[in-house]
Amino acid sequence: MKYIENWQKKYSDMLVSPAKALSRLKSGQRVFIGTGCGEPTVLVQAMTDRAGQLADVEVVQLLTKGDAPYAQARYSSIFKVNSFFIGQKIRDNIRTGQGRYTPIILSDIPRLFDSGQLPLDVALIQVTPPDERGMVSLGVSVDIVKSAAENASLVIAQVNPHMPWTRGDSLLDIYDIDLLVEVDMPLIERKIHPAHECSKKIAEFVASLIPNGATLEFGMGRVPGVGRIPQAISACLKDKKDLGIHTEIITDNIIDLVESGVITGARKSIDRGKIVASFCMGTPQLYKFVHNNPFFSFRPTEYVNDPRIISKLNKMVSINMALEVDLTGQVCSDSEDGNFYSGIGGQVDFNRGAAASNGGRAIITLPSTAENGKRSRIVAALKPESGVVISRGSVHYVVSEFGVAYLHGKSIQDRALALISIAHPDFREQLIKEALKAKFLPAEFADVEDKFVIEPQEMTRTSLVLNNGGQVNFRSIMPTDEAGMRDLLYALSRETIYYRFMSNHQEFGHSQIKNFVYIDHRKDVAIVGTVPEAHGDDIIAVGRYYLDERNNMAEVAFVVRDDWQSQGLGKFLFNHLINLAKSNGIAGFTAEVLPNNKKMQAIFNHSELKVKSSYEEGVTSFKMVF
């Protein structure tokens, strides 16, 4: 870094009062305000104090956390807000038509400034005091602030010793600034609120999609009623290893993960060993944590949000939020009920980058309902006024508190089934009817409408770690498992099919496969063992019991794909079904097994149940009492 000679005199000559600094602002000019918790609030107030002397001033911003006094209705003829993202403080200004929302992909904003398409007359920013070289840091807010400072005709900086010095690409020299206003005041804070119960459930599903060594992005939006879902996910990551971070925003949630060694960045394919971000919002604890910390690299938006950069990160996982998703997979994130609510932000950038990453996963999260459960956020069709942020061709994972739907490369029918299965149970029946009406589903699905039930996964979910270190996850079968069941059945050997179905018939019709998937959950239970793949779950085992209500005994059967046999899956699946049956008050199991199926007989005979068997007409019948 170059050393600026005699910068102290230059610095002294640039010092002015807030009022004098803002006296340079003229009517008709465009002024940029620094982002989030890095907002120069003293300069903003000084600008607002000049309202009576100004007219037609356009205020450009990304996200404000300050009070935004210029957005008050009484100043509507003086200050015109133009925001790239709609925060709480200016939402009413935008909705009443006084201000403007500019929908744009975050990585494109610096080009607006650089190209002159959106020329900036004045930039109001906040920086640290200079170091011995005459350099200042943009601290907690580099994002688009650096580009704004480099392109504005007049740069006014609020110099604050409370601003942490951040490393990376966050520096300006004082010759890049025109006027300096010294202040000594705490930065704006964004406190952490307890995670909503819905967010916690979503977070658990998302965490299951995050492999060790992944690099994460946490989106910056929020959903009314449940808050910021991505930040809730951090509580579910404590068992992960060597996670990396490449994200727009970091919050206090990151501190525990760093201090506990979960986040190391050790496996990042670029920026290894660094947390890369463009801004942070949080408490003084976070600001102290990032201050001069070599583990953090604060970079401008044109680097952090570049999909080409993001895609170079192996196992890149983007986590963002939606306000509504339709059954074809269109994602609405910036508007609700016909009103603009937030913005596009970096959602498209990171969705593209993560999707192109080697082993990456692009995840969209949303609560299943709005308005305290009165309205479904998963809908047959978006409202005409709803904006599509992620197109149906670009969406990958959608996660609600009821599960995970993988959509990429799937047909409209498969998408509709997947999304209905993670919708709130109160709305699934209506969604099926609407999907049938829209021809998303064939007419035959009307026959399974009453069987489109998703068991509470917390009741059935478990996992088995194999001797080779691999893990098989077990859960209730879902309507979206039809394709997986088809693949499993046709992967079975002739011998396995004969032992399971007592038939050499190796062809399974559509109606037969449907009967495996659409079951009466009031009486029957079906559990699948799965291993994660990029396209979703691969089913490698299935177990089921069928209740005979006359004697409260259930017939049990299960099968394991040939290449996964002899690893203890059958025994584990059988014991899991026993526990579920006991919890449902069932008295015991029955089963019919061919004499040559020694493996199945051994599992039954070596169980801790009271086992009786009898042989008749070439079949061994088992009765196992709990």
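Read-outs throughout are calculated quantities, based only on the coordinates presented, and are distinct from any laboratory measurement. The model shown is predicted, which means the values in this text are computed figures rather than measured ones. Neighbour counts are summed over all protein chains in view; Cβ atoms, including those assigned to glycine, are modelled from backbone coordinates with ideal geometry.
Selection among Tyr75, Phe85, Phe32 by position relative to the dipole of the stretch 7-182 gives Tyr75 as farthest towards the positive end (Cβ unit charges, Cα centre). Ranking Ala554, Trp564, Val625 by Cα position along the charge dipole of the stretch 457-625, where only Lys, Arg, Asp and Glu carry charges on their C-beta atoms, puts Val625 farthest toward the positive end. Rounded to the nearest 20, the Cβ-based charge dipole of the stretch 1-107 about its Cα centre (Lys and Arg +1, Asp and Glu -1) stands at 100 debye.
Estimated from helical segments only, the mean residue ellipticity of the chain at 222 nm is -7000 deg cm²/dmol, where each DSSP H run of four or more residues counts as -39500 (n - 2.57). The angle between the Cα long axis of helix 347-356 and the main principal axis of the chain comes to about 50°, on a 0 to 90 degree scale. Shown here for the stretch 238-314: chymotrypsin sites (Phe, Trp or Tyr not before Pro) in loop regions (DSSP other than H, G, I, E, B) with at most 15 other Cβ atoms within 10 Å, namely Phe295. For the pair the stretch 1-71 / the stretch 184-227, the C-alpha centres are spaced 31 Å from each other. 3J(HN,Hα) along the stretch 613-621, derived from phi through the Karplus expression 6.51 cos²θ - 1.76 cosθ + 1.60 where θ = phi - 60°, amounts to 9, 8, 10, 7, 6, x, 9, 8, 9 Hz, with x in place of Gly and Pro. Put simply, the amide H of Glu336, placed in the peptide plane, has neighbours under 5 Å in Tyr341, leaving out anything fewer than 5 places away on its chain. Lysines near Lys20 by alpha-carbon distance under 26 Å, same-chain residues fewer than 8 away left out - which ones? Cα-Cα hits under 26 Å: Lys9, Lys10, Lys65, Lys80, Lys146.
Given +1 at the Cβ of Lys and Arg, -1 at the Cβ of Asp and Glu and no other charges, the dipole of the stretch 197-451 around its Cα centre is 760 debye to the nearest 20. Report, in whole Å, the centroid distance computed from the Cα atoms of the stretch 567-600 and the stretch 76-145. After rounding, the separation between the Cα centres reads 62 Å. Dipole magnitude for the chain: about 340 debye, using +1 per Lys or Arg Cβ and -1 per Asp or Glu Cβ, origin at the Cα centre. Taking amide H as placed 1.01 Å from N in the peptide plane, the amide H of Glu324 sits under 5 Å from that of Cys332, each at least 5 places away or on another chain.
Across the chain, the mean sequence separation of Cα contacts (distance under 8 Å, 6 or more residues apart), normalised by length, yields a relative contact order of 9 percent.
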